1. Taking Cα atoms of region 1-141, Rg/Rh with Kirkwood Rh, to two decimals?
2. Which distance in nm do the two modelled labels at Leu138 and Ser103 give, with both placed 7 Å along the Cα-to-Cβ direction?
3. Pairs Lys61/Lys115; Lys52/Lys84; Lys61/Lys139; Lys74/Lys139; Lys63/Lys139; Lys63/Lys84: which exceed 24 Å Cα-Cα?
Amino acid sequence: MNCAFCGHHDTKVVDSRDVNDGVRRRRQCLSCGSRFTTYERVQPAGLFVIKKDQRREEFNKDKLLTGIRKACEKRPLPTGTVDKLADDIEAELYHRGKVEIPSAVIGDMVMERLKSLDYIAYIRFASVYRDFADITTLKREIDTLVNGETKALQPTSQLPLLPDEELGAVARNRRGRRR
Ligand SMILES: [Zn+2]
């Protein structure tokens, strides 16, 4: 371990203790005498994403977060929803124990979750990720959602995709139920 101040190659450990998920070491430089702290942690095994063009890229949670955040922009979702979603997906990816995951699998995982959360966010994400070629494909996807919605009867966790009238009805229903 090189000294953080003078770069000298030799330091001694003056204190060492276990912290949450690793070891904290207090070190002192054998040349300049400066003290500094290092943390040692277990590094989770590398996870790589295989892109559509077969390129291999290290999994980057920030990228995942950015994509989800964009899709959820200005949607009335509870605080922390986006972070939780990204956390869940990351945890599941590591849990699978595979070193390489096709980007399509990750995209599907995001879509599946967004679909049960918020249709607008879902459509936004899908339009980027699935790269809807034209408005017809987009319309087909929305039709499927709307039809599914009518058949499945309003799932309570879902934010309505329908006009205000419908929103009012839902709100009235909810108020009614509470009484
Ligand atoms: Zn030093």
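A short reminder: the numbers here are calculations on the coordinates, not readings from a lab. Nothing here was measured: the structure is a model prediction, and the numbers come from that model. Cβ atoms come from the backbone with ideal geometry, glycine included; neighbour counts cover every protein chain shown.
1. Details: Rg = 22.0 Å, Rh = 18.5 Å.
That ratio is 1.19, to two decimals.
2. 2.1 nm
3. Details: Lys61/Lys115 20 Å; Lys52/Lys84 26 Å; Lys61/Lys139 31 Å; Lys74/Lys139 22 Å; Lys63/Lys139 28 Å; Lys63/Lys84 15 Å.
In this structure, Lys52/Lys84; Lys61/Lys139; Lys63/Lys139 lie more than 24 Å apart at Cα.
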